[in-house]
DNA sequence: AACGTTATCGGAAACGTTGCCGAAAATTCT
DNA sequence: AGAATTTTCGGCAACGTTTCCGATAACGTT
């Protein structure tokens, strides 16, 4: 059904010149008569000629495509990062090929092969949570595929990385609680085997130290991202005789669970107790009360990843991978007291 | 930097056969000795050979890529549709090339050119809200590009279409408001150049008529999907002396903006005012209060669109475009009163 | 008048595949 | 045995471009 699109051949025939000449006219080659160039361009316009990028890619051995693979894109996190990627990629005349691995290692492998087959020039990758074997990734890198990692970082793998500063984000959150008058600040902590859990705990601890508040073991609850547990630990905190006046949660789902528990106890946020989350997803703004949360610069993550990748593409072998750590931002809403 | 990947040439040399033979071995050609085939496949495996799809596409004049262009994908709507598209596309061995037009006609045109240039075999398209000139689309279709439209439908354009029954969904939503006792129901309307906007408005109007409620122009606000505008119009509604007791929003982002505005005015949902959205995004369940909303079968939309497109690709010129209309469902949550 | 320069162009190879056509080798049939 | 057939393979053109290299013509220089 697909009608053939016009080629430089068609243009050459109609103008009675060679395809070389047409080719020269269409790019900005120097050795061509301005008049013939004008004629070619006009005819190209008239025929609505679109260069066949397939042929160009084959000939030049360059696709101008960078791959992006993420575990999913139905939540706002990855789409927003991709937006940032596309911004700089488009500006640098790269196209973006997006794939999603659905949190499946099998699909990740398969997609990676497809990307190699499509000859993407580089890859921006967030691995699945079940990816514990890196053979396919290492193999691709060994074949010369530059990869930039983000969100899910594996220290052992070479390549540039873009991450957010969990420590600093946690510090700011707790600092804000302190500055708004809270003195007994509990932490609903994440798994300590993940750097994300450790870093956020450390930010919490250091903020307390900096402001010379005592650190109490009984205020640090290992919720570990586990649904249900948070509720129990929050209840335990509320039952303490000297109940905390603020909660810093390791992420937003944890914070929301705590919020529900607090409200069920008939307490008000932030009058009785302040609450801060750590955001993966920016819709924490829409709950009641809108939640104060540490938000990540999603756009910026994408921009940095794309910039790093494109720099590597340009600089070639003497590019040295970089790790960029971006600061998080504290967005103050209504779940904490006013300063 | 990119190390050259192995080609059938490399395999041919090492095995002392011709490239034709290697090619035959790699696809499932009949006229080849099983032993040589085995040898080729083993060596290909060992070298981790990935066929160059660029070359194949050029040679076969077939890219096996279908394009998808959407106005945005930071809200859950389009990503979920794309998921459905990918499901059937992958099953049929098509790859999906995703682009987003950022609600800009300029970008839409540019992307369409890029897609033509990349020789996508067909396109699944949701136009931007500012697309009122269809020259670029018609021109692409005239060149033989099959296009399936969804979400934003233009009746005048030929091609298959997948839509949800906006009229029926809107009718149900307003009917529910009426049945739960609301009498002054406002509509935060969408752009009237889009059928989606018109149909939802018509559903609203007909529901009012059916239940013999008066239609008031002052209750119909042209929010047009524009961020910021909704807030102003909602405020205007709340300022009316005889303020409405219910809002039916043309989509969820609009509804959420209205919700924020209402809450900022210190009013309660649904006690003071009921609110119904029309779902682009299924996380309307997680806001406070959880929002009553017309939900669309997003996955199914994607599946239908991809199936229609691929059928058209297979059947060629004697394919007759179809329009599929899928029913929406009203999910009653807490932003409307109980019946 | 013979030469070198310059501007402009055409020819042809190449990118990695596929697929047609025909050749050689192996097999079967008279 | 030779002929006919089948199996297996190699040669080659083609897909649409880019790019190198050399050719032609027009020009200016001695």
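The values are calculated or read from the model by the stated rules, or taken from the named source; none is laboratory data. Quick caveat, the model's predicted, so the values are computed rather than measured. A quick note on method: Cβ atoms are made from the backbone with ideal geometry, for glycine too, and the neighbour counts reach across all protein chains shown.
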Within the stretch A:9-33, tally of residues that are assigned to a helix (DSSP H, G or I) and either near DNA strand C (Cβ under 10 Å from one of its atoms) or within 18 Å of residue B:112 (Cβ to Cβ) (or both): 9
Tally, over the stretch A:1-60, of residues that are under 21 Å from residue B:55 (Cα atoms) and more than 8 Å from DNA strand D (Cβ to nearest atom): 4
Sole exception among (1) surrounded by fewer than 24 Cβ atoms within 10 Å (Cβ to Cβ); (2) modelled with pLDDT under 95 for residue B:300, by number: (2)
Failed item in (1) within 16 Å of DNA strand C (Cβ to nearest atom); (2) surrounded by 21 or more Cβ atoms within 10 Å (Cβ to Cβ); (3) free of Cβ contacts under 8 Å to residues at least 40 places away in the same chain, with residue A:79 passing the rest: (1)
Identity of the residue in the stretch A:34-49, away from chain B (no Cβ under 14 Å) and in contact with a helix residue (DSSP H, G or I) (Cβ under 9 Å, 6 or more places away or on another chain), that ends up nearest to DNA strand C (Cβ to nearest atom): A:36
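With the requirement that a residue be more than 15 Å from the chain's Cα centre (by Cα) and within 10 Å of chain B (Cβ to nearest Cβ), what does the stretch A:77-97 give you? I'd like the intermediate steps shown before the answer.
At the first step, the residues of the stretch A:77-97 found to be more than 15 Å from the chain's Cα centre (by Cα) are A:90-95, A:97.
Once the filter is applied, which keeps residues that are more than 15 Å from the chain's Cα centre (by Cα) and within 10 Å of chain B (Cβ to nearest Cβ), the stretch A:77-97 yields A:90, A:95, A:97.
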Evaluation of residue B:306 against (1) surrounded by 21 or more Cβ atoms within 10 Å (Cβ to Cβ); (2) modelled with pLDDT under 95 (one fails), failing number: (2)
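Given the structure, is residue A:57 within 33 Å of the chain's Cα centre (by Cα) and not assigned by TED's automatic domain parsing to the domain that holds residue A:313? Show your work before the answer.
Details: within 33 Å of the chain's Cα centre (by Cα): yes; not assigned by TED's automatic domain parsing to the domain that holds residue A:313: yes.
So residue A:57 fits the description; yes.
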Residues located in the stretch B:98-110, provided they are surrounded by 22 or more Cβ atoms within 10 Å (Cβ to Cβ) and either within 12 Å of another protein chain (Cβ to nearest Cβ) or touching a residue at least 40 places away in the same chain (Cβ under 8 Å) (or both): B:98, B:99, B:100, B:101
Whichever residue in the stretch A:302-339 is in contact with a helix residue (DSSP H, G or I) (Cβ under 6 Å, 6 or more places away or on another chain) and within 14 Å of chain B (Cβ to nearest Cβ) and, among such residues, is nearest to residue A:79 (Cα to Cα): A:302
Selection status of residue A:91, without any contact (Cβ under 8 Å) to a residue 24 or more places away in the chain, more than 15 Å from DNA strand D (Cβ to nearest atom) and either assigned by TED's automatic domain parsing to the domain that holds residue A:307 or crowded, with 18+ Cβ neighbours inside 10 Å (or both): yes
Residue list for the stretch B:252-280, restricted to those being crowded, with 24+ Cβ neighbours inside 10 Å, in contact (Cβ under 8 Å) with a residue 40 or more places away in the chain and away from chain A (no Cβ under 14 Å): B:276, B:278
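So for the stretch B:50-70 (the condition being under 30 Å from residue A:76 (Cβ atoms), part of a helix (DSSP H, G or I), more than 12 Å from DNA strand C (Cβ to nearest atom) and within 12 Å of another protein chain (Cβ to nearest Cβ)), does at least one residue qualify?
We begin by selecting, within the stretch B:50-70, every residue under 30 Å from residue A:76 (Cβ atoms); these are B:65-70.
Cutting the leftovers down to part of a helix (DSSP H, G or I) gives us none.
Looking through the stretch B:50-70, none of the residues is under 30 Å from residue A:76 (Cβ atoms), part of a helix (DSSP H, G or I), more than 12 Å from DNA strand C (Cβ to nearest atom) and within 12 Å of another protein chain (Cβ to nearest Cβ).
Could you list, in sequence order, all residues of the stretch B:122-151 that are over 19 Å from residue A:4 (Cα atoms) and in contact with a helix residue (DSSP H, G or I) (Cβ under 6 Å, 6 or more places away or on another chain)? Break it down into steps so the answer makes sense when it comes.
Of the stretch B:122-151, the ones over 19 Å from residue A:4 (Cα atoms) are B:124-135, B:148-151.
Residues satisfying the conditions are B:124, B:128, B:130, B:131, B:148, B:150.
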